[in-house]
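Read the figures in this text as sums done on the coordinates, not as results from a lab. Owing to the predicted nature of the structure, the values given are computational and were not obtained by experimental measurement. No Cβ is skipped: glycine too gets one built from the backbone with ideal geometry, and neighbour counts run over all protein chains shown.
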Amino acid sequence: MPSARILIVDDVPENLAVLGELLQHEGYQVQVANGGAVALRLALGPPPPDLILLDVTMPGMDGYEVLRRLRADARTASLPVLFLTARGDPGDEEYGLLQGAEDYLTKPIRPALVLARVRNQLQAKRARDVLANQNALLEAEVRRRMEDNDRIQRVTIRALAHLAETRDPETGNHILRTQSYMGLLARRLARHPRHAAVLDEAMIEQLVRSAPLHDIGKVGIPDHILLKRAALDADEWEVMKTHAQLGADAIEQAERDIDQPVPFLQIARQIARWHHEHWDGQGYPDGLVGEAIPLSARLMAVADVFDSLVSPRVYKRPFDVERARQAIVDGRGTQFDPDVVDAFCESFEDFVDVARSHGLPAG
């Protein structure tokens, strides 16, 4: 492997000269160091050596200490080291190899043997470098594909959510706001000892990603009900409530069409079906009570109701944020999970900022 860079470390100038001439004659680039401190500096490059020939017996810092420091530094830990020493006892060789040297040669040197060992170590290093480069390329490609899949997933979710929202143009940026509210609530609740184990960063990411699909079932509600410019009567309200079941069924069908479970779809199905359930069991569609309601749906319940309260509708004026806050607080323990309401109150100013940044007056 001519043109490789080799660092020779020896406190005897004659040894440096002999080894240097031998290796240069074979086309190697040679650096020399007459002690451990110089060797450690040269080992860092740039450029770093491809192989180090290291004497063991040197004043001040011996070869074992040099090797120990090389292996302790991430920048030099993988440099191959070949011990070159006058210590020829088998115990010395075994000890040197146990310290992490790739090979062990005894003096006086035999040129053919030195060149063969050097060539072998350089070939092994080149093979390791090729493998490392291939692994790096593969890892980069995997990351790129995962990022592509992530972007496609996000765009698909947003497109489906906007499809539902286009049928109800009054909701404006409802999906963006509720998605932000979900993140605020989940991160705040993650500080609570009862919820910290569940609400890790990965779970919070899935909750935020799933949130836009909470009203996907509204695509199945007839226009004369969904777009009615007045409050719904009792029969119409019963139809409107079916959007929770419709959304959950649509997501469940999508889950059946794929080979492996997708966590965010599982959470999206929970949110779509149960975000209108009440803590006291008076909600719909299944009348679940308390912690039987999935946490994802309990979080969305507060996010969705707050946004509905502060948003204008043809049949109602928007609540100001203080009135909306009080309505959420009044529902603590009846409509809403008490812990989620507490998280909402602690994050209230952030809720107001989100509402204002996405087009609501939030006065």
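May I ask for log10 I(q)/I(0) of segment 167-357 at q = 0.10, 0.15, 0.16, 0.20 Å⁻¹, from a Debye sum over the Cα atoms as equal point scatterers with solvent left out?
Those come out to -0.38, -0.90, -1.04, -1.62, one per q.
Could you tell me which trypsin sites (Lys or Arg not before Pro) in segment 64-127 are loop residues by DSSP with no more than 15 other beta carbons within 10 angstrom of their beta carbon? List each step's numbers first, then the result.
Working: sites: Arg68, Arg69, Arg71, Arg75, Arg87, Arg117, Arg119, Lys125, Arg126; in loops: Arg75, Arg87.
Answer in residue order: Arg75.
I need two numbers for segment 246-363: Rg to one decimal and Dmax as a whole number, Cα atoms only, in Å.
15.6, 48
Can you pull the one-decimal nm distance between simple spin-label points at Gln260 and Val12, each 7 Å off the Cα toward Cβ?
6.0 nm
Between Ala86 and Arg145, what is 0.36 nm times their sequence separation minus the Cα-Cα distance? Round to one decimal in nm.
Numbers: separation 59, 0.36 × 59 = 21.24 nm, distance 5.42 nm.
Full-extension gain reported as 15.8 nm.
How far, in degrees from 0 to 90, does helix 295-310 lean away from the longest principal axis of the Cα atoms of the chain, to the nearest 10?
60 degrees
Keeping to pairs on different chains or 8 or more places apart, tell me how many lysine pairs in the chain have Cα atoms under 28 Å apart. Before the final figure, lay out each step's value.
Numbers: Lys107/Lys125; Lys218/Lys228; Lys218/Lys241; Lys218/Lys316; Lys228/Lys241; Lys228/Lys316; Lys241/Lys316.
Here the count comes out as 7.
Using only helices, what value at 222 nm comes out for the chain when you add -39,500 (n - 2.57) per DSSP H run of length 4 or more and divide by the total residues, to the nearest 500 deg cm²/dmol?
Details: 15 runs with 205 residues, N = 363.
Dividing the helical sum by the residues of the chain leaves -18000 deg cm²/dmol.
Among Ala190, His278, Gln260, flag the residue with its Cα farthest along the positive direction of the charge dipole of segment 179-299, charges on Cβ as +1 for Lys/Arg and -1 for Asp/Glu.
Toward the positive end, the furthest listed residue is Ala190.
Once Lys and Arg get +1 and Asp and Glu get -1 on their Cβ, which of Phe344, Ala127, Ala234 lies farthest toward the positive end of the dipole of the chain?
In the chain, that residue is Ala127.
Please get the size of the charge dipole for the chain, origin at its Cα centre, with Cβ charges of +1 on Lys and Arg and -1 on Asp and Glu, quoted in debye to the nearest 20.
Details: 42 positive and 55 negative charges, 145 e Å.
The dipole magnitude comes to about 700 debye.
Using the Cα centre of segment 5-138 as the reference point, and only Cβ charges (+1 on K/R, -1 on D/E), how large is the resulting charge dipole? Debye, rounded to the nearest 20.
Details: 14 positive and 17 negative charges, 103 e Å.
The dipole magnitude comes to about 500 debye.
Roughly how many nanometres apart are two label points built 7 Å out from the Cα toward the Cβ at Glu26 and Asp233?
9.7 nm
Below 8 Å between Cα atoms, with a sequence gap of 6+, how large is the relative contact order for the chain in percent? Before the final figure, lay out the partial values.
Values: 518 pairs, mean separation 38.7, N = 363.
The value is 11 percent.
For segment 167-357, calculate the relative contact order in percent as a whole number, restricting contacts to Cα pairs under 8 Å that are 6 or more residues apart.
Details: 272 pairs, mean separation 44.0, N = 191.
RCO, segment 167-357: 23 percent.
Any idea how far apart Arg5 and Leu137 come out in nm if each label point goes 7 Å out from Cα toward Cβ?
It is 2.4 nm.
Quick check: Cα centre of segment 176-220 to Cα centre of segment 63-83, how many Å?
The distance from the Cα centre of segment 176-220 to that of segment 63-83 comes to 48 Å.
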